[in-house]
Structures are given as structure tokens and as C-alpha cells.
Amino acid sequence: MPATLREQRQRCRCSRRGPRSLGALISARAGSACRQLSVSSGSAAAARGEVREPGRADLSARRLRHAGNSPQAAAALPLLAERSAEPGRADLSARRLRHAGNSPQAAAVLPLLAERHERIHTRRPYRVDASDKYSPDDDLVNLEVLDEETIIHQLQKRYADLQIYTYVGDILIALNPFQNLSIYSPQFSKLYHGVKRSSNPPHIFASADAAYQGMITFSKDQCIIISGESGAGKTESAHLIVQHLTFLGKASNRALREKILQVNPLVEAFGNACTAINDNSSRFGKYLEMMFTPTGAVMGAKISEYLLEKSRVIKQAVGEKNFHIFYYIYAGLYHQKKLFEYKLPEKKPPRYIDNDTGRVMHDIISKESYGTQFEAIQHCFRIIGFTDEEVHSVYRILAGILNTGNIEFAAISSQHQTDKSEVPNAEALDNAAALLSIGSEELQEALTSHCVVTRGETIIRTNTVDKAADVRDAMSKALYGRLFSWIVNRINTLLQPDKNICNAESGMNVGILDIFGFENFTRNSFEQLCINIANEQIQFYFNQHIFALEQMEYQNEGIDAPMVDYEDNRPLLDTFLQKPMGLLSLLDEESRFPQATDLTLVDKFEDNLRCKYFWRPKRVELCFGIQHYAGKVQYDAYGFLEKNRDTLPADIVVVLRTSENRLLQQLFSSPLTKTGNLAQARARVTAASRSLPPQLSAGRIKVDTMEIMRHPEETTNMKRQTVASYFRYSLMDLLSKMVIGQPHFVRCIKPNDDREALRFSQERVLVQLRYTGILETINIRRQGYSHRILFDEFVKRYYYIAFKAHETPLPSKESCVAILQKAKLEKWALGKTKVFLKYYHVEQLNLFLREVIGRVVTMQAYTKGWLGARRYKKLKEKRTNSAIAIQSAWRGYDARRKFKDIKNRRTDAAIHIQAAFRGYLARKKYMRMKKNSGCPSDTQPMSFASGLSCEENWQQSNSATSPTELDFLDKQTSKGSADTSAPVIVQRHSDQMKTLQPTSQSSSVTDHKFSCPLRSHETQGSPSCLKQKLKTPRRRCQQPKVLNSPEDNVYYNQLNGALEYQGSKRKPRKLGQIKVLDWEDEYYKSLSARSVLSELNFYHLTLLVQCWLPLSPFPCGVKKKKVGGDASSGKGTPPRSLNPSPSDYCCL
């Protein structure tokens, strides 16, 4: 049995059991051949008596799904059965086959295993084999028999297996499954990231990835055009493309990705509605531009909206609903108990959302989907970046629109006027005015009357009931339309690229067109005419890109390619858009006549549109028919003129500009663009535009307030823009954006009109395939060349494949041929200036180029890594040396600082020790002198001068006994506390000095053993005594004029802070070890008692006398008894007083 027949039977059995998911179908390419391999390998293992481990199957269909019944697979069977049957081994994978040796079986099966696992970003070399092409099941171009029956059968078979996507070359066909499929998870996004198209089954993610890779590779903008009928799944396809592009262009700013994903749900809540054939029909055209950096990271987004169906706000057809947002907000406010705050009734719905069924409020209250969607809309507002004040203003305007629809008018008659209208019930009027933050009286005046300026005079005319109702509806449509434009502009502002990351001009865009599909209802009005004309324009663009331009280049370049006939809709498009006799031009012309009617409009169409595409049904006055590319459509002309005029009275604009709501002020203070949308730049609101003229506010004679604040689009004359003119400019703007980028087409097909899952209507699908030109597209993709590249661009882009990097080949045919031959491509052609390639050639060239660039990048990476490591090593060494130098400097500084502190402490300690020791020596010497020489008695006191002379003589006489005295002093020092003398307290205050009493001397002057030459006694008034009185005593620690020894220099320099650091050649001592200077030992050894005493200056001697000698009670001028005299004889002059006066101590 042939393999293909077995596959068909197997799929039929699977379709009877139930639908299979696309995830399971990824491994469905093995067919019966792979199952035979598994059975054979299992049988071989059983024959050898080996038991396979549970859960370890043989070579599965997933791993050899492309093997089929090839001889290579049959040859590899023994090897597979042998290795897979070994205990402890898993299934035979490509990784294990690489270690199977050089057997021909392994060499044959390796390409089969690795064929569909080649990724674009891979380090393994890519080789193009003859079998490397799309699977016949995936691409309709590969069908052997190409006719409508074969195509329908193939699509139906794939749809039964839930394979809803099919390729037609580089074009994707998507059938609406009418159910949720689990093939759009992040795992599938990873699966369709930078891979060959043939690696996986067709998918919408593959088209998005092709656009993304084309943008990165060619640095050129891309455009994805989604077309099809209403209800074919265009909106959902746009969602999936945005989801995958956001995944591919992952940016560091995660919040930006979340904002982009929330854009479509928010815009669709305000722009989509439920129709008779689609529950989520787009009632506007949307072109979303996703902006990327040159490296491929998403950096922003921008939305362009076209032709919102504003008439749906005030009236809907039977079986249809208003925009989704009205139901969402009503349900959300009801569950939040906020209907009273927004003046909305709880029982009876507003007129704008009410219908004939009477179940609107029941659905709003009972359906959980409305409340869930309201929470989702609030989440979208918050994520994108709308403030709470802005969201509150949006809700108030929406509630104001609903309350405006409840305003009713009644005719009143007066003596002079019979067509005047008024508002009988002011509740709805007051509610609407309160929500819109305007005055109710001004609003009523603007609704029931209008101003007309004629020859400089202002005339106030009242409105009839019908006219007042039209003004009310026009106000509601203007409010909603401008609010929708403001939301789109606000989204663009919040999603604009950050200038700090990348300049928007240097970035690249991927545009996604999601426009309303072709519509053919039971009753088709002006809105359906505009929608179908837009679809005619999209179809024309498709034909031009796929057929016309390609075949024109064949002729210009001299390429021998067969010509493909296709249905050109350009004549029909000219019937709509040409000037001045096109349908839209005739509609604008008739709209300018005040007395024109819908009947006169149809008559004008019939008189001027004499072509095969226009006809007028018999016995139906207000109808005409158009032969569109998708079939015949009959239009009802009722209301065409009024909808095209879309008149908004100036009085309404003025009143709305006086609103206290800043958002509402902005809506009606900004001008409109040529496409009918609100201008992006914020208009300047002046004081005049926010206040009513006094005549209008007082209800008196009105003036032309538009003279104060006038926009070109808001004038009272008949030359203002119409909906048809807005529509014309919108198509021009849309085409200008589409032609910039490289197009990618997604054709959505509606399998049935009943929206039932797994139901495939051959007749319905065939009609769509015919008018979309799928059969012709298959022919031209099979026989033609979809890619035409100039020699210069081709060589510049792909010269790495055949030439070295430093070479610069000429853009000639020879260079192009060398590149194509190196890539081993077939079925290409060369023209005069361009290279003509098949749709799959570009992908193969890109794979070769990426492989070459990948090798270059690898070499650069290793080289840069080595250079970086070397630079890092040098830098690290430099940093280490710098750190060592810094540490060394700091440690030296810290050591010197510590040494200086230790030295200062040692010096201070040495000074203290020296001072104490010198004091001790002085006291010892003095006590010895006192004991040996004796002192005068109380009756014969000796003056200070005589005592001093005696002491000097004693020093001279005892100079020879200094060594003995030094030995004695050393012994006294070693005794410690045995010979310590009691401390003496010197009283220095004057009151203590007065209490001092003369102390008796223990011996007389005659007991002295030394000869003390007495100086001549001086009287109290002698000059010598006066000179001693006037002499200023030297302060303590004051340096003397003459320094007698090096020790004195060190001592006084240390006290005066003048000690400088002097290095020492001695070995360093341990920390804490204190020792006097090097030369102090020898100095003190050689120092005699006499020399020590002679080194004491006069000040030290004075202090010693104060401390140790009893103070003499006699004044200096009293005469002393001669030496040797008798103290007891009583000779001499007695003292004048026992208490000496301060003058008596002049010698001290």
C-alpha cells in the first residue's frame, strides 16, 4: 500500500476520533513508516530476550517524523534496533547517532534526524540538500495537480486535523477555527523563533518571525497585511502577531512590553461592536506600528485609526449592538454601586444601547463577561499609563453621551412661530449637562436653536423637533469620535520611543494592518460602502504587489516567465475614487446642495456612473448595486447625504468649549486632521474659547461666536470637510504607510457563516478563494520570482558567501553568479540589472550568510576574548602594583607617625626621669652640704648672700670628692624608699607667707668647717640691693641665655617644642623599651657633684633655697655678727621684728 494512502487513512481515523492539536501534529510526519520502524525494533529486542525499560520507547515518530519510507530509514533499521534494545539506553537520538561511527547507516539517517532541527542562529554548518523544501502538506505550491477541487480538498483535510494554517509560497492562509486552540503559548513562540519555515508546521507566528527576521537582516521596514471577510479572524490574528513580535523584540523595559500588549484590548473596547455576523467586529481601521531598535529590541508603538463608525453610537441595525465600552462601563458601575454617581438608570437602559428584545439590562446584570471586561479595561488604563483623573473624565463623558440620548423634544406653537421645539422633561438634560460640566440652559439653547450669519447679520432660527434630534445625535457622535481619537493619541504619547534609548528615526518598524473586513448584509448603508471601498483598495494593493509589478519587471528585465491572468479591480476603484466623476466626488457635490435628497443622489449616480460595475435595481428607488471584487452588493441610499455631511453646529462646539472638564475642553479646542481625527498637538485654549459671549449667555440676540474661535473644519459654510473627503485622505495615508515596507500577506478565510467549529463549507470557502485570487497566486508563486534584487544590493548583501571579507567585488553578473553557485541554488534567473529569485531562495541565502557571519563572529569573539584577557591581566597587574605602592606609602606614614608618638613619649619620660633624678641629686648634695658645713643659729642668722658665697666655696672645696659622692648617691638610689625625704610644701600665698616663723639653726656660724669669705654688708638702701629687687625672675622652663652642656640643649629644645628628628644608628629596640639617649650614660658618669651644682643656674638655686633652707627672718640691711663671734654674748643689733616684711625677702 502506498505511504500516502496509508497516511490519508490514518488521518481519517484520527479525525473520527476527534480533533488533534497542532502541538501533536508537529510529530505526525513519520506516518506508518515510523511506526513500522518502532515495531521492528521492538520485535528485534524481544527476539533476543531483552526486556525494554518502561517508558523508554523505540525510535518514536517524533524523532523520525520526516523519514517516511525512504531507503535510508530502511537501511538504518538494524542499527536502530540494535542500539535501542541495549539495556539502560534511551531512544536513538541525533546526539547518539553522531557517535555511531562511520557506518553508512548512521550517515544515511543523520540528515533525516537533523533536517528539521536546523535553526538560523546555529553554530552547525547548514547544507542545502535536494530534499530540503517545504512539505507538500504545508505549501499549496507543491501540489502536483493545481485546481480548485484539489485546493479545497487539501484545506478541508488540514482543517479537520485542526491545522488551520497553510502556506501559499510566502503567503499564509488562516481558517477561523471558531474555538480556542492551545498552540499560542510561550513554548510555541520559542519554537517559531528564528527557524526555517519548513522546520515546523505553518503558523501565524512564522509570518511574524519572517517579518521580524527580514527587518533585522535587510534593515528595512516591514508590513503585515491581514485581510478577509468580517468574522474571518483578522482581529485575533493581529493579536497573535503583536504577541509574537513582542516576544521576539524583548526589551529590558518589561513595562513597555506589557503596555503594547494592552493596547489592542483597550482600543477594541472602544472601536469594536457586535454585528449580525461577528460578535467582535472591528468598526474602524487600525494600523499598528511597532518600533524596534537596530538590534531588534522593541522600543515603542504607534496606532493610526481610520473611519470610526460613529453612527453606531446613535443607532444600530436589528440584531446588532453599540460599541462594547458602553456595556462594559454600565455593568462595571452597576456592580460597584456607582450608577447614581454617573446619573445612569438602574432599571431602564438608555436609548442609545436599548434594543427591541428588552433584555439589555438583564444581560448587563447577569453576564459575568461584561463585569470582567470592565475590570480588564481598568487594568489596561492603569498599565498603559492613564491617570485616575483622565479615566474618570472618560467615564463621565461616556455617561454624558448616554444621558444625552435620553433628551427628548416636543413641538410648541406660539403667535409667530409654529415649528419651535423645547425639552419637556429636563431631567435627562440636567444629567447630561452635569456630567459634561456645562450649563443646562446653554445646552438647551444650543439644541433647540442655531445661528446663521448672512451679510454680516446674525439671525437666530429655532430648530424643529427633528432638527433638534439631529443636533443631539450629531453632538453625541462628535463626543464619541473625538474621545476615541484622544484615547488613541494618548496611547501614542505614552508609548512613544524613549529618546535616550534610540532615536525614532534610526529605528525600524513592523506595521500590522487590521481593517474591517468585506461586508454584505441584508441592508447595506453608507458605512458598508466605505468599508467595502477600503477592502477594494487592499485587494488592489495585493494584486499590484503579487501580479502587476512582478510581471512588469519580467518584461523590463527580459526574463522568460509565463504570464498569469488575474482579476484587476483598478477600473472599479477608479469608479469610486476618481475626480470629478467618481462616486465619492458625486456624493460630495450633492451634499453641498441644501435642497438635495437621497433620491436625487441615486439619480446622479445612475446618470454619471455608466459602467459594468454599477447598476440600479428596478422598482426600488433608493437603492443601487455595485459589483465588487468579492461579489455583488446592494446598498440602501437612505440617509447617505446626512451621514456624509456629519454636520456639527457651531453653537454646540461653543457650549462644549465652556465645560469645566479639561478633557472636554481639549476635545473641542483641538482641530481635526484631513483624515477626520483629532490632531496630536494640543490646541491652545484661550479665555475667549472658555467663556460664552454675553449675548448667548443672557439668551438675547446671538452673534457668530465662531468668529472668535474658528477652525478651518468647523465653519458654518458648506465648504467644510465631509465624511467622503475624510475617507479619501485616510486611504491615501494608509497606502503611503504600507508601500514603505516589505509586505507580508495573511489571508483569513471564514469556513462557514454559522460560526460553528470544525464545520467546513466548501461552497463558502471556494467563493472566498476565488475573489481573493488564491489560485492565481499559487500559479505565480510556482512559476514566477517573488524576489527581485538589484545587482549592487545583492552583491553588497551576500558577497561574504563567495568572497573574502577584505575583497570588494564589482556589482556585476559574474559576481552574482559566483554567489549563487557557491550557495548551490537552482531555478534562479538574471535580468539586466536584477537577480530574480524564488520565494524560498532568500531564506536559503540568509541561512548561508548567517552561517558565514557566525563563523566570523566566533573568531572575533575568541580574538576579542584573548585581547580582553590580556588587557585585563595588564590592568590587574597595574592595579596590584598601585595597591602595593599605596599600601607601602600608608604603612610608612603610619609607622613614622607611631614612631614619632613613641619617641615623644620616651622623650617626655626621659625628661621627667632626668628632672626627678637631678632634683634628687640636688637635694642629696644640699643635705650633705648642710650636714657637713653647718648653718648659722637663730641668734646669728646669715644673710642669703653670705650663704650663697659659702655654698659656692663649698662646691669648689669638694670638687675632688665627686667620685666618692657618686658612689654614695648610687647606693642611696638603690636603697629605694629608705632614704627618701619628706615632701616639702612651699606656701606661696601672701597670707601664708605672713605666718612663717623664724626657725632656729642647729649650729652657729662658727661651726662651719669651710672658710666662707664674707662680703661687705650692704645697707637696705644700697644700689646692690635695689638692683636685686628690680631684677625680674626667670619663668619656669624658660631657656637660659647660655647653655653649658649638650644635655641642656636637648632638655630645653624638648620643652620649647624645637626638637627635630635625628636618626640613630643604633639597632631598633622593642616596643615599650625606654632608655635615655646614647651619650647620657657617659655624660653622667663623667659628671662630678661640683660640676652638677655649677650647671644649675641661678633660678634653680633660688628654688632650692626656697624649698630646703629656712627663710631668714632678718632683712637684708641688718648687720650680721662677725665670724667667730659668740652668739650668746648678746653683741650685735637685735632684729627689728619677728615677722619679716615682704621687703625682707628681696634676695629671694
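The values are calculated or read from the model by the stated rules, or taken from the named source; none is laboratory data. All of these numbers come straight from a predicted model, not from anything done at the bench. Note that we place each Cβ from the backbone using ideal geometry, even for glycine, and neighbour counts take in every protein chain shown. These area figures cover heavy atoms from the full protein model, side chains too; ligands, DNA and RNA do not enter into them. Shrake-Rupley method; radii C 1.70, N 1.55, O 1.52, S 1.80 Å.
Values computed for the structure shown
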item: Translational diffusion of region 242-313, µm² s⁻¹ [Kirkwood Rh, Cα pairs; Stokes-Einstein; 20 °C; 1.002 mPa s]; result: 158 µm²/s
item: Rounded accessible area per residue of region 533-582, 1.4 Å, Å²; result: 46 Å²
item: Scattering profile of region 716-758 at q = 0.19, 0.32 Å⁻¹ [log10 I(q)/I(0), Debye over alpha-carbon scatterers]; result: -0.77, -1.08
item: Kirkwood Rh in Å, taken over region 409-509 so that all alpha-carbon pairs contribute; result: 17.2 Å
item: Entries of Lys674/Lys834; Lys286/Lys321; Lys338/Lys420; Lys157/Lys286 with Cα pairs more than 30 Å apart; result: Lys674/Lys834; Lys338/Lys420; Lys157/Lys286
item: Distance histogram in 5 Å bins (all Cα pairs of region 730-807, percent per bin); result: 3, 10, 11, 13, 13, 14, 12, 9, 5, 5, 3, 2, 0
item: Surface per residue (accessible, 1.4 Å probe) for region 482-531, Å²; result: 38 Å²
item: Sparse-neighbourhood loop sites, GluC sites (Glu not before Pro) in region 780-815 - DSSP loop, at most 13 other Cβ within 10 angstrom; result: Glu807
item: Principal axes of region 511-627: Cα extent on each, largest first, Å; result: 58, 30, 28
item: Most to least packed among 840-851, 355-366, 224-235, 376-387 [average Cβ atoms within 10 Å]; result: 224-235, 840-851, 376-387, 355-366
item: Peptides ranked, highest mean first, by Cβ atoms within 10 Å: ranges 279-287, 861-869, 509-517; result: 509-517, 279-287, 861-869
item: Per residue convex hull volume, Cα atoms of region 503-563, in Å³; result: 156 Å³
item: Unsatisfied cross-links (Cα-Cα over 18 Å) in the set Lys467/Lys604; Lys310/Lys643; Lys190/Lys250; result: Lys467/Lys604
item: Reciprocal of mean inverse Cα separation for region 829-936 (Kirkwood radius, Å); result: 23.7 Å
item: Region 210-279 shape via C-alpha gyration tensor axes, a/c threshold 1.5; result: oblate
item: Summed side-chain charge close to Met215 - residues other than Met215 whose Cβ falls under 14 Å, Lys, Arg +1, Asp, Glu -1; result: -2
item: Accessible area per residue in Å² at 1.4 Å probe, computed on region 347-462; result: 53 Å²
